[in-house]
Structures are given as structure tokens and as C-alpha cells.
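The values are calculated or read from the model by the stated rules, or taken from the named source; none is laboratory data. Note that the structure is a prediction, hence the values are computed from the model and not measured. Ideal geometry is used to build each Cβ from the backbone, glycine not excepted, and the neighbour counts take in all protein chains shown.
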Amino acid sequence: MKRIIVFALTACLTASLAPDSGHTDDLRVISLEARLLPREAPAARELDILMEKDGRLYIVSTPRDRATLDALGIRFAFEPSYSGLPAAGPAAAGGGLNGDYHSYPELEAELLELEAAYPGLAAVHILGQSLEGRNIYGLKISDNVGLDEDEAEVLFLGCHHAREWISVEVPLLIARHLLENRTVDSRVRDVVDRSETWIVPLVNPDGLEYSIHVYRYWRKNRRANDDGSFGVDLNRNYGYEWGRDNSGSSPLPQSAVYRGTAPFSEPESAAVRDFVGLRSFLGLVSYHSYGQIILYPWGYARIPVEGEGAERMKALAEGMSGRLEAYRGTRYAFGQASYSLYLTNGDTTDWAFGDHGIPAYTIELSPVSDQDGGFFNAETEILPIFYENLEAALYLIEDCIAVYVPPATDGRAENRPDNRASGGARGGR
Ligand SMILES: [Zn+2]
């Protein structure tokens, strides 16, 4: 049986670590009969549904959600925080409250260790700061890492959503693998030497820390909203078709998919925007969990993606899925986000492709469903999930290397081909 990590939180710990513990969202896990609430119903769209199990929906609810359900006459029950999840033993395997998973300080230390261990190949950059002043780190990996060479640039992002801990580990392990294996694996050497691969494993450090120390189900950043609630959904805060409608994001601050007061209102998404604007990425992956699916734009509307770059983007999704499955048979579906999952507006990938023409993917990591553990991957699954995703990542980097055309002139960054020229990718608007 799969071992699921569950961490007991004490009221004492919560109180001592939460600076704003007197000001809470009063989030409670509730459950109700799934048949009472079709997922497409307007009321369901606002809800942060954790899982459906044995005919019941489990929801992280706000007071407003509970009032809405009351008004609709839908009966619900309060659940203990980890209801529906198998009990687990001590999560002490890797030490620390979050076991083998990285907290913000653990990640920071590891990135600096990698830079020190591989000085010519790894360089830590600070892309910006979170609301609470934590650094948003980018690790650049390449030969001659201190130089801006004429090489294909690829970007891997992790943890826009706080509770999706596995999405920190996969990009971080990609970085470690590239660095540790360059001298012994000719394929890795090729990838490292012929690309500039950037790893940004933790876009939402404040949210991750909150998820570790206070509330495991936390999703958003830690913005103090005007209505007294907390958090903006960073993956609804990007600027392309931001706030197009209230299906793909919410204007309500309490919502789990609250889009913020304006595009890039949050320093975390603004840091990604500013960084990507300075580079010329040929491919981008943003890791999330869970679902085992590779999604590409558009998410904002059920309009087929077309135009320059769209065919390469679709082909790469299929290619990544195939490489991934070949590793140990894990099936990741793939497809256009708006047809495959649900509508989203203001997400990272619509913006990356819509504004910059970058083939961009949301990869929802394992497991496939809540019944297999949802957000709570066992520590023993971290490495297998990484290794199968490594196959997809290497394939993507290699394709970026293959299509890369060096600038015709002297190769300074400002003379590089500008991905933004491919605004024709906005097909279908
Ligand atoms: Zn996510």
C-alpha cells in the first residue's frame, strides 16, 4: 500500500509560526454528496475541491463557501483536516517537518551548495522577492555559466501553488542530475554544453512555508487582501487574457483561484515576467500537481491554438508524453488545457505563448487522482516521478537545441532573435 505522508500540526506550532495567526481565513475541510453539486455548476466553480471519493466531494471551504452551500440547501459535513487520506507514520525519513521535501531555507542552502560544487556550470540568480521578502531563485546551468552564450534557452518552473510540494522537487532534481552527470553521460554533457537551462523551483516561497508550517492545503501566495482574506492564485495572475471571465479565475479574494487586483499585481509573478522578458526561451515547463497530464495553451477559451509555433508545441507535448511513459509505463495524457482540464485565465503558459511565442507546458505531476494520494506524494515516489519526468525534460531541451538558430551578428543578447516577434501565435483571438 502506498505510504502517504501526513504531518500532524499542533495548535502551539501554528500559533508560534504564523505571524498573522489572529487573522485567518477560517478555512475548513468539508464534504458533501457529489451528486448534489455538479462540477460545472456556478457554485462549484468557486470551490477549492480537493478530491472526490466514494461519492463525496471534499472541499477546502471558506466561510463564504459554506454560506453559499447553506443558501443552496446543500448539506455538508465538517471533516478533520486530512479526511479521506490514509494515515501515515512519522514523516521523519529526510528529517524536518516536511520530510524529504524541501522547505524554502533547505532549497536555498541546496542551490548555493550546487553553485559551490559546480562553479563553472551552475550559477544562482535572484529573480525577485516574494511579498514576505524571500528570494525567488533561478539556477542557471550551462558550460561557461558566467557567459551569456549563443545557446538555446529553456526554463523549468516549480511551485506556483504552495501545497504542490512535488513540483519543487522535480525541477530541482533535474538541475542536480544535469550537474552530477555531465562528466559521465555524453547525453547530459551535450545538453549542458549546448543549452542554457534555467531552473526556478520555487515561485511561491511564502505559500510553501505556510503550507509546511501552518496549513498543508494552502494554495495561493500570502497577499493580505482587502476583505481580510489571504492570497492570490499566482497561476491566475499573469497578463495574457487576465480576468477574461469568471470561469477561468475568480474576482473574489477568498477564492482559491483569486486572480488579484491587476495583471502581475504579485511580486512573484512579476519576477517571472521580468526574468522571461530578458531572455529568449524556446521552451518552458511549469510543474504542478496532480493529474498526470501535459497541458499547453490555450487555457483561457475553447479556441484551438494555431499560428506560428503551435504545431511544434503540440508535437512536443506528444513527444514528452511518450518519452515519459517509456520510462516505467506511467501514462501522462496531453492536450490543449481548455479542452483537457478546465478553463483558466491568467496562467503562466497562456502568457508565455501568447505574449512571447514560447512553447509552454503545465505538467501536472503524479498521481493521476486524489484516490492515489492527491497532493500527498509519498517520499518514496519523489525519485521515480523525477526520473520519468527527466526523460521528458531532456527531450524538450534537446528539441530546443535542435531548433535554435544563433544570431547572425556578433551574438550579443540584444541581437538575438526575439521570440516576441512571433506574436502571430495569438491565433484564434
Ligand atoms: Zn498547481
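Computed quantities for the displayed model
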read-out	value
Search result, residues across region 357-393 that are in a helix (DSSP H, G or I), of a type outside the set (A, V, I, L, M) and crowded, with 24+ Cβ neighbours inside 10 Å	Asn389
The listed residue being outside the structural domain of Asp193 (by TED's automatic domain parsing), surrounded by fewer than 17 Cβ atoms within 10 Å (Cβ to Cβ) and modelled with pLDDT of 50 or more, out of Ala15, Ala93, Ala87, Ala71	Ala71
Matching entry among Ser61, Ser81 (being buried (at least 19 other Cβ atoms within 10 Å of the Cβ) and at pLDDT 50 or above)	Ser61
Among the candidates Ser250, Ser280, Ser255, Ser265, residue that is within 17 Å of Asp25 (Cβ to Cβ) and either in the same structural domain as Arg39 (by TED's automatic domain parsing) or surrounded by fewer than 22 Cβ atoms within 10 Å (Cβ to Cβ) (or both)	Ser250
Filter pass, Tyr300 being buried (at least 19 other Cβ atoms within 10 Å of the Cβ), within 19 Å of the chain's Cα centre (by Cα) and within 16 Å of the ligand (Cβ to nearest atom)	no
Residue satisfying all of: in region 190-239; β-branched (Val, Ile, Thr) and either within 16 Å of the chain's Cα centre (by Cα) or under 22 Å from Ile49 (Cβ atoms) (or both); surrounded by the fewest Cβ atoms within 10 Å (Cβ to Cβ) among these	Val214
Elements of type strands (runs of 3 or more DSSP E) in region 118-163, at least 2 residues being surrounded by fewer than 19 Cβ atoms within 10 Å (Cβ to Cβ)	122-129
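Yes/no per residue for (1) at pLDDT 95 or above; (2) among the aliphatic types (A, V, I, L, M):
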position: Leu157; (1), (2): yes, yes
position: Arg163; (1), (2): no, no
position: Val170; (1), (2): yes, yes
position: Leu178; (1), (2): yes, yes
position: Asn181; (1), (2): yes, no
position: Asp185; (1), (2): yes, no
position: Asp190; (1), (2): yes, no
position: Glu196; (1), (2): yes, no
position: Leu202; (1), (2): yes, yes
